[in-house]
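Enquirer: Below you'll find the structure I mean.
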Amino acid sequence: MAKRDVYEELKDLQAEMMEMISKFEHVQDEVTKTLEQNAELKIENQHLREVMRADHNEAINSGNAEPQLSKSRQNLEKLYEEGFHVCNFEYGKRREDDEPCAFCLDVIYGER
């Protein structure tokens with residue numbers, strides 16, 4: 001083998017190693033990003049569990065095992081209690097003599 005051939009082979013091998021190092025660094029960066037994202041998600045998940053646990057404990061402690069109304073349904077309930085329809089048929093109209101409306105009640109307290 002000539003000196004030139006050995007030199008070319010070493011040069012090619014060095015280029016391949018540089019390319020391999022570049023690929024390795026890229027994969028290492030991706031793994032680092034994934035591990036960071038995983039840690040963030042674990043923290044967020046723990047926080048959400050604590051919030052859910054607190055909400056559940058609050059519902060139990062208040063003696064109300066029934067789920068609370070959402071903010072939008074609470075707003076509809078308030079409008080209804082003020083004497084207005086909140087159903088699709090009569091929305092916004094005043095209820096005559098504050099008569100109950102089954103459609104309004106279904107909108108407020110129906111399946112959640």
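Enquirer: Does any residue of the stretch 71-84 turn out to be surrounded by 11 or more Cβ atoms within 10 Å (Cβ to Cβ), modelled with pLDDT of 85 or more and either farther than 27 Å from Val107 by Cβ or in contact with a strand residue (DSSP E or B) (Cβ under 8 Å, 6 or more places away or on another chain) (or both)?
Expert: Yes, the stretch 71-84 has at least one match.
Enquirer: Pairs needed: first member in the stretch 97-111, under 15 Å from Ser70 (Cβ atoms); second member anywhere, assigned to a loop (DSSP other than H, G, I, E, B); C-beta distance under 7 Å; at least 6 residues apart or different chains.
Expert: Val107/Val86; Val107/Cys87; Ile108/Val86
Enquirer: Only one of (1) of a type outside the set (D, E, K, R); (2) modelled with pLDDT of 90 or more; (3) under 20 Å from the mean Cα position of the chain (by Cα) is not met by Ile21, so which one is it?
Expert: For Ile21, the failing item is (3).
Enquirer: Take the stretch 87-98 and flag every residue that is in a helix (DSSP H, G or I) and farther than 16 Å from Glu77 by Cβ.
Expert: Glu96, Asp97
Enquirer: Restricting the search to the stretch 99-111, which residues are farther than 18 Å from Gln74 by Cβ and surrounded by fewer than 11 Cβ atoms within 10 Å (Cβ to Cβ)?
Expert: Glu99, Pro100, Ala102
Enquirer: Does the stretch 36-47 contain any residue that is surrounded by 10 or more Cβ atoms within 10 Å (Cβ to Cβ) and either touching a Ser or Thr at 6+ places or on another chain (Cβ under 9 Å) or in a loop (DSSP other than H, G, I, E, B) (or both)?
Expert: The answer is no; no qualifying residue exists.
Enquirer: What is the number of the single condition among (1) at pLDDT below 90; (2) basic (Lys, Arg); (3) farther than 30 Å from Glu111 by Cα that Lys11 does not meet?
Expert: Of the numbered conditions (1) at pLDDT below 90; (2) basic (Lys, Arg); (3) farther than 30 Å from Glu111 by Cα, the odd one out for Lys11 is (1).
Enquirer: Let me ask something else. Assigned to a loop (DSSP other than H, G, I, E, B), out of contact with any Phe, Trp or Tyr (no Cβ under 7 Å at 6 or more places or on another chain), hydrophobic (A, V, I, L, M, F, W, C) and modelled with pLDDT under 90: does that describe Ala59?
Expert: no
The values are calculated or read from the model by the stated rules, or taken from the named source; none is laboratory data. Predicted, not measured: the structure shown is a model, and the values here were computed from it. A quick note on method: Cβ atoms are made from the backbone with ideal geometry, for glycine too, and the neighbour counts reach across all protein chains shown.
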